[in-house]
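Quick notes on the structure that follows.
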Amino acid sequence: MQTRAQSSLEAFVDFLFSILMNVGGQRLLYGTVATVGRITFFSSIFLAAVFLRRLGTRRFFEALTPAGTRQSRLQSALEVVSDTVLGLGIAVVLQLLIYGDATTVWRAGGLTFGLYVFAIIRRYMLRRIFDAVAARTAGGGNALAAEAPPRSAQQGDTPGHDPDGDDHPAPWV
């Protein structure tokens with residue numbers, strides 16, 4: 001399980017990537033209508049909401065993970081998708097309000113959908129990276145020990161016993 005500092009760092013790293021994608025997407029889609037003022041206003045409102053929404057979603061799914069265990073890949077995917085769907089709706093509404101006549105629901109939705117496809121992939125990768133870091137931190141640097149039991153436990157052998165008859169301890173014990 002992540003510490004509060006680790007989940008805050010994860011949300012902050014995601015926030016930085018969001019800034020880059022958000023500004024680039026507005027410039028690409030809206031061209032000259034995407035003035036510095038509009039981009040800054042939209043990005044500041046939207047990305048502040050992203051950080052708070054993302055941190056809240058992270059805490060919610062963290063509470064669903066039993067203490068001392070890692071989040072499954074399915075839980076990581078569900079966390080990212082649910083947070084992304086919430087953000088999709090917020091982004092479309094904000095674009096309609098800020099860009100007014102320069103946008104339509106389809107245009108705002110298209111930009112947002114494209115950015116969020118990338119966001120799902122980006123955030124899933126970040127989630128898995130930070131989950132692995134948390135496991136290594138909690139496990140004293142041996143994340144694999146938390147994921148799978150030793151081979152001897154899987155086969156019913158005694159720990160350190162080589163099934164071929166040699167009495168050399170297995171390297172993973």
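Of note:
- Check on Phe15, free of Cβ contacts under 8 Å to residues at least 24 places away in the same chain, within 20 Å of the chain's Cα centre (by Cα) and in the same structural domain as Tyr99 (by TED's automatic domain parsing): no
- Qualifying residue in segment 52-59 (condition: outside any helix (DSSP H, G or I), modelled with pLDDT under 85 and farther than 30 Å from Thr32 by Cβ): no
- Options Leu74, Leu96: the member that is within 30 Å of Gly139 (Cα to Cα) and surrounded by fewer than 18 Cβ atoms within 10 Å (Cβ to Cβ): Leu74
- So Ala108, is it within 28 Å of Ala138 (Cα to Cα) and crowded, with 20+ Cβ neighbours inside 10 Å: no
- Test: residue in segment 93-102 that is at pLDDT below 85, part of a helix (DSSP H, G or I), within 30 Å of Ser7 (Cβ to Cβ) and β-branched (Val, Ile, Thr): no
The values are calculated or read from the model by the stated rules, or taken from the named source; none is laboratory data. None of the values given here were measured: they were computed from a predicted structure. Cβ coordinates were reconstructed from backbone atoms using ideal geometry, including for glycine residues, and neighbour counts include every protein chain displayed.
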